[in-house]
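Novice: Have a look at the structure that comes next, please.
The values are calculated or read from the model by the stated rules, or taken from the named source; none is laboratory data. Quick caveat: nothing in here was measured; it's all calculated off a predicted structure. Glycine also receives a Cβ, built like all others from the backbone with ideal geometry; neighbour counts cover every protein chain displayed.
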Amino acid sequence: MAIRKNIRNLTSTEKADFIRGVKALKANGIYNKFVQRHFAAASRATPSTVNASYRNAAHKGPAFHPWHRQFMYKFEQALQSVVPGIALPYWDWTQDAANPDASPVWAIDFMGGNGNLNNNYQVETGPFRVGQWTIINENGQPAGGLQRRWRQLSSTLPSQSEVNTAHAEVPYDRSKWDATSSTSHRNRSEGWLGAQLHNKVHRFVGGSMLPQTSPNDPIFFLHHCNVDRLWAQWQAKNPTQGYQPITGGPPGHNIDDLMYPWDGKTIGVTATPRSVLDHKALGYDYA
Ligand SMILES: [Cu+2]
């Protein structure tokens, strides 16, 4: 069982192992495949008659949580192929809501800091500084250094009370299974309803965390590990509230629908919302 720890509780060896694993996946091309996979899913209108910005295979619909759980699970497995036994760490950003700039996540031996406004907001500190880390664009082509622009679209990180509100919200989701659903745990935690939660972190970090290629910034994985942890907490707190919809929702979002790209055709792996509902059955848990 891989135990996913709070970034605050990582030893310096664990931090170095994580950086080493991420860089090894960058070097062997697997990291960029994850960036492209996220972009492809975010570009896939669901159903095909809507605009992808209305709903896509991974966002603005019920599969938001299971899609990202599967994505993170496959990324963790990829990391384990280069650093045996490693687990993804999570960034509990509520602990930094009072003073985001001082977060240990930005440490020079971990994620590095903000971008330099005099250098196109490229990150110049830490393991992912310009020259050490190159992002890719929508076409998979090299697109310069990693960019961060703290407070670009949100001045704060989400607070614990905002998380508590989402934890109390039921059902999991409801028709029309989109960014207007209310009440809906999925919509509130994704961040289209109320306090922006998941979206707010992308909007605070800014730069490379804003577009659909946002896994370009390795902090994506620390953020989404926390989003996944919070979903697991909601599941445990609300045992009578199952995943919805069972049937009748948009394709790829019903409990037994194959989620793109894990449809057995695009890549030779299958996953449905149901197949990831029990995170412990996937072989990991949270410390
Ligand atoms: Cu996403």
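Novice: Condition check: within 13 Å of the ligand (Cβ to nearest atom) and touching a Ser or Thr at 6+ places or on another chain (Cβ under 8 Å). Does Asn187 satisfy that?
Specialist: Numbers: within 13 Å of the ligand (Cβ to nearest atom): no; touching a Ser or Thr at 6+ places or on another chain (Cβ under 8 Å): yes.
Against the criterion (within 13 Å of the ligand (Cβ to nearest atom) and touching a Ser or Thr at 6+ places or on another chain (Cβ under 8 Å)), Asn187 does not qualify.
Novice: If you don't mind, another one. If the requirement is being under 28 Å from Ser184 (Cβ atoms) and under 15 Å from the mean Cα position of the chain (by Cα), which of these qualifies: Ala58, Ala45? Walk me through how you get there before you give the answer.
Specialist: Numbers: Ala45 fails: under 15 Å from the mean Cα position of the chain (by Cα).
After ruling out the rest, the residue left standing is Ala58.
Novice: Could you say whether any residue in region 218-239 is surrounded by 22 or more Cβ atoms within 10 Å (Cβ to Cβ), among the polar types (S, T, N, Q) and in contact with a Gly (Cβ under 9 Å, 6 or more places away or on another chain)?
Specialist: no
Novice: Right, next: Please work out if Phe71 is aromatic (Phe, Trp, Tyr) and either in contact with a strand residue (DSSP E or B) (Cβ under 9 Å, 6 or more places away or on another chain) or within 29 Å of Thr247 (Cα to Cα) (or both).
Specialist: Values: aromatic (Phe, Trp, Tyr): yes; either in contact with a strand residue (DSSP E or B) (Cβ under 9 Å, 6 or more places away or on another chain) or within 29 Å of Thr247 (Cα to Cα) (or both): yes.
For Phe71, the condition - aromatic (Phe, Trp, Tyr) and either in contact with a strand residue (DSSP E or B) (Cβ under 9 Å, 6 or more places away or on another chain) or within 29 Å of Thr247 (Cα to Cα) (or both) - is met.
Novice: Taking into account only those residues within region 21-57 that are within 15 Å of the ligand (Cβ to nearest atom) and polar (S, T, N, Q), which is farthest from Gly252 (Cα to Cα)?
Specialist: Gln36
Novice: If Lys60 satisfies all but one of (1) in contact with a Pro (Cβ under 9 Å, 6 or more places away or on another chain); (2) touching a residue at least 60 places away in the same chain (Cβ under 8 Å), what's the number of the condition it fails?
Specialist: (1)
Novice: Which residue pairs have Cβ atoms under 6 Å apart, sit 6 or more places apart or on different chains, and have a first residue in region 64-85 that is without any contact (Cβ under 8 Å) to a residue 60 or more places away in the chain and under 14 Å from Asn32 (Cα atoms) and a second that is charged (D, E, K, R) and within 12 Å of the ligand (Cβ to nearest atom)?
Specialist: Pairs found: none.
Residue by residue, here is whether (1) within 16 Å of the ligand (Cβ to nearest atom); (2) among the polar types (S, T, N, Q); (3) under 20 Å from Thr46 (Cβ atoms) holds:
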site	(1), (2), (3)
Pro218	yes, no, no
Trp234	no, no, no
Pro239	no, no, no
Gln244	no, yes, yes
Ile255	no, no, yes
Thr272	no, yes, yes
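Novice: Next question, about the same structure. Specify the residue that is surrounded by the most Cβ atoms within 10 Å (Cβ to Cβ); the eligible residues are those in region 261-276 that are β-branched (Val, Ile, Thr) and over 17 Å from the mean Cα position of the chain (by Cα). Quick ask: steps written out before the conclusion?
Specialist: If we filter region 261-276 for residues that are β-branched (Val, Ile, Thr), which is where we start, we get 266-267, 269-270, 272, 276.
Now narrow it down to the ones that are over 17 Å from the mean Cα position of the chain (by Cα): 266-267, 269-270, 272.
On the way: Thr266: 14, Ile267: 14, Val269: 11, Thr270: 13, Thr272: 20.
Top of the filtered list is Thr272.
Novice: Would you confirm, using the coordinates I've provided, whether Val130 is assigned to a helix (DSSP H, G or I), touching a residue at least 12 places away in the same chain (Cβ under 8 Å) and surrounded by 18 or more Cβ atoms within 10 Å (Cβ to Cβ)? Full working, then the answer.
Specialist: Values: assigned to a helix (DSSP H, G or I): no; touching a residue at least 12 places away in the same chain (Cβ under 8 Å): yes; surrounded by 18 or more Cβ atoms within 10 Å (Cβ to Cβ): yes.
No; evaluated as a whole, the condition is false for this residue.
Novice: Scan region 34-48 and report the pairs whose first residue is closer than 15 Å to Trp262 by Cβ and in contact (Cβ under 8 Å) with a residue 12 or more places away in the chain and whose second residue is assigned to a helix (DSSP H, G or I) and within 11 Å of the ligand (Cβ to nearest atom), with Cβ atoms within less than 6 Å and a gap of 6+ or a chain change.
Specialist: Between residues of region 34-48 that are closer than 15 Å to Trp262 by Cβ and in contact (Cβ under 8 Å) with a residue 12 or more places away in the chain and residues that are assigned to a helix (DSSP H, G or I) and within 11 Å of the ligand (Cβ to nearest atom), the close pairs are Phe34/Pro215; His38/Pro215.
Novice: Would you point out the residue of region 58-88, among those that are in contact with a Leu (Cβ under 6 Å, 6 or more places away or on another chain) and more than 15 Å from the ligand (Cβ to nearest atom), that is farthest from Asn164 (Cα to Cα)? Outline the logic, then answer.
Specialist: Initial filter on region 58-88 (in contact with a Leu (Cβ under 6 Å, 6 or more places away or on another chain)): 73, 76, 78, 86.
Going one step further and asking which of them are more than 15 Å from the ligand (Cβ to nearest atom), we end up with 76, 78, 86.
Values: Glu76: 27, Ala78: 32, Ile86: 30 Å.
Among those that are in contact with a Leu (Cβ under 6 Å, 6 or more places away or on another chain) and more than 15 Å from the ligand (Cβ to nearest atom), it is Ala78.
Novice: Is region 260-270 home to any residue that is closer than 25 Å to Ile7 by Cα and modelled with pLDDT of 95 or more?
Specialist: No, every residue in region 260-270 fails to be closer than 25 Å to Ile7 by Cα and modelled with pLDDT of 95 or more.
Novice: I'm trying to understand the selection: among the residues of region 18-67, which are over 23 Å from Asn199 (Cα atoms) and among the polar types (S, T, N, Q)? Outline the logic, then answer.
Specialist: Let us first name the residues in region 18-67 that are over 23 Å from Asn199 (Cα atoms), namely 18-30, 48-49.
Listed by number, the residues that qualify are Asn28, Ser48, Thr49.
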